[in-house]
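The values are calculated or read from the model by the stated rules, or taken from the named source; none is laboratory data. As the structure is a computational prediction, the values presented were derived from the model and not from experiment. Ideal geometry is used to build each Cβ from the backbone, glycine not excepted, and the neighbour counts take in all protein chains shown. Just so you know, the surface numbers come from the protein's heavy atoms only, side chains and all, with ligands and any DNA or RNA stripped out. Shrake-Rupley method; radii C 1.70, N 1.55, O 1.52, S 1.80 Å.
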Amino acid sequence: PTPPVNDEPVQAPKPVSQFYRRPLPSCDGNVVPFSSPDGRLIFEEALKSGHGDSFFPLIEQFRTQDEPAYCGVSTLTMVLNALSVDPGRLWKGPWRWYCEEMLDCCRPLDHIKVHGLTFAEWDCLARCNGVKTSRRYASESSVEEFRRAVEQVTSARREAGDEKGQGRPQQARRFLVVSYTRKELKQTGSGHFSPIGAYDPGSDMVLVLDVARFKYPPHWVTLPMLFNAMMPRDTDTNKSRGYFIVEKSHRQSLILFRLKGMQHPISRLLTILASLVKELEKNWREEENQQNLCCAEKTLERLLELCLTSLDNKDEEPVLSTILSEFSSVRESSTRKFQKWHIEIIPREHLQAMSLLVKEIEKTLLFQTIRRVFVKRKWCTHCAGMIQLACNNSTKYSVNKEHLLTILFLTIIPKTCPLLEKQLGVYLRRDSMCENLEKEVTALAEAWDGLCGSGTVASAAQVSCKAKPKAVSGLKKGSGCCG
């Protein structure tokens, strides 16, 4: 039989606005395309002046951001690979190499795709991935200071023994990343991140290696104009944008929090825990403020109860449990498949480092006390809160809430609550930590510094101090960047 004919008119899809790049505004000659005749002459002068040394390692890794709001993660990917930082994770095949998908430890990628990264979030993400950052908000800097930073970073040190500075330059060990608003350059979009590739002192222009190459090509910008583009306040943070000097760190990257599938918004978790610790400190009863082991354990028990109640509240997102939820669900369905997949993804040396770190955590008095409290209060320590991994045929270990709370308390309490640190000092002593645990705590503290925006020791006043779960929140939604 002939099928019935649908006489209803078919609606044509609505046209979608499309663009093939944008014309680069010249801003009265303050912006020059890199590949133009003038742009090539400026580049030639930059090389002659010795301020083009950042260009070559960065251009080897130059990439176009994969998403419209990925300027921050794409810029960081460029810089990490230019600095030869080993991610410790597989990219494809047997190769370890940074790509955007690996950079979600401070913000979920789904959030970054929509909102981008703020200035502080970019700093946190960089520090989590094995680099050292020195950052300056434009409002706290000056054109002269910015110019000195550009001159220093774009000019690599010369080989020793060359008094005139004409010898072969050494490999660039630092790079400069700028965060600015495009509107000041009469470009479309809002906040943006990109690395600086070169500087020409004669024209006082810097080369912006724009990672949104689908929109604008690399271009030269006069240094004062670029600095002015950092000055407007980001509405999400109420602070100006600025610039970073990024170099490879000699410390190890995070071990326990950098697994693919186990990465989580460290920034939000740290902020929540710091808020809870601070609230407990504010409500402290003087009669309990005695420095002995019994009182310290009671204090720790109160802190654990507050954290577990708030972070595992059924009406709220179970932040503490969801750190391991993906691994847990796979493990429950197919342990063998999970372990095989895990070992294929994570390098063997990383698995061994994780195994050693877990053992060092379990040696601490803090962990042993937390476990004792969990047993006494009959709190669940497994199910959705635990993963079991096999490092090799003979080495097995598990990670659960006690391990995570141990590391996070070791990190946050000394950073935010001096009085509580004094009360719990017997549990928080750095000199009693083994080497890998101390490095992990240091790396987390670096991420915390980057998140809080001080670059040094975070102030407890920078986080919310509400103990109730609904009053505790992570960072603001919103963005500091858009391609």
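Here are the numbers for the structure shown:
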{"read-out": "Filter on Lys92/Lys239; Lys401/Lys422; Lys215/Lys239; Lys48/Lys248; Lys298/Lys359 - keep pairs with C-alpha separation over 29 Å", "value": "Lys92/Lys239"}
{"read-out": "D (Stokes-Einstein, µm²/s), Kirkwood Cα radius, region 194-252, 0.890 mPa s at 25 °C", "value": "183 µm²/s"}
{"read-out": "Region 1-124 - charge dipole about Cα centre, Lys and Arg +1 at Cβ, Asp and Glu -1, debye rounded to 20", "value": "180 debye"}
{"read-out": "Accessible surface of region 168-219 [probe 1.4 Å, protein heavy atoms]: carbon and sulfur percent", "value": "49 percent"}
{"read-out": "Local net charge near Thr77, Cβ-Cβ under 11 Å (Lys/Arg +1, Asp/Glu -1)", "value": "-2"}
{"read-out": "Accessible surface, per residue, of region 397-438 when the full set of protein chains is kept, probe 1.4 Å, Å²", "value": "34 Å²"}
{"read-out": "Residue order for Lys14, Lys439, Lys48 - accessible surface, 1.4 angstrom probe, largest first", "value": "Lys14, Lys48, Lys439"}
{"read-out": "C-alpha center-to-center spacing [region 221-235, region 355-379] in angstrom", "value": "49 Å"}
{"read-out": "Asp28 paired with Glu144, simple spin-label distance in nm, labels 7 Å along Cα-to-beta-carbon", "value": "2.4 nm"}
{"read-out": "Förster radius 60 Å - calculated FRET efficiency between Asp86 and Arg40 (Cβ-Cβ, nearest 0.05)", "value": "0.95"}
{"read-out": "Rounded accessible area per residue of region 206-252, 1.4 Å, Å²", "value": "36 Å²"}
{"read-out": "Modelled FRET efficiency - R0 25 Å, Leu47 with Arg233, Cβ distances, 0.05 increments", "value": "0.10"}
{"read-out": "By accessible area with a 1.4 Å probe, ligands and nucleic acids excluded, highest first: order of Trp220, Trp91", "value": "Trp91, Trp220"}
{"read-out": "Computed log₁₀ I(q)/I(0) - Debye formula, equal Cα scatterers, no solvent, region 60-158, q 0.15 Å⁻¹", "value": "-0.70"}
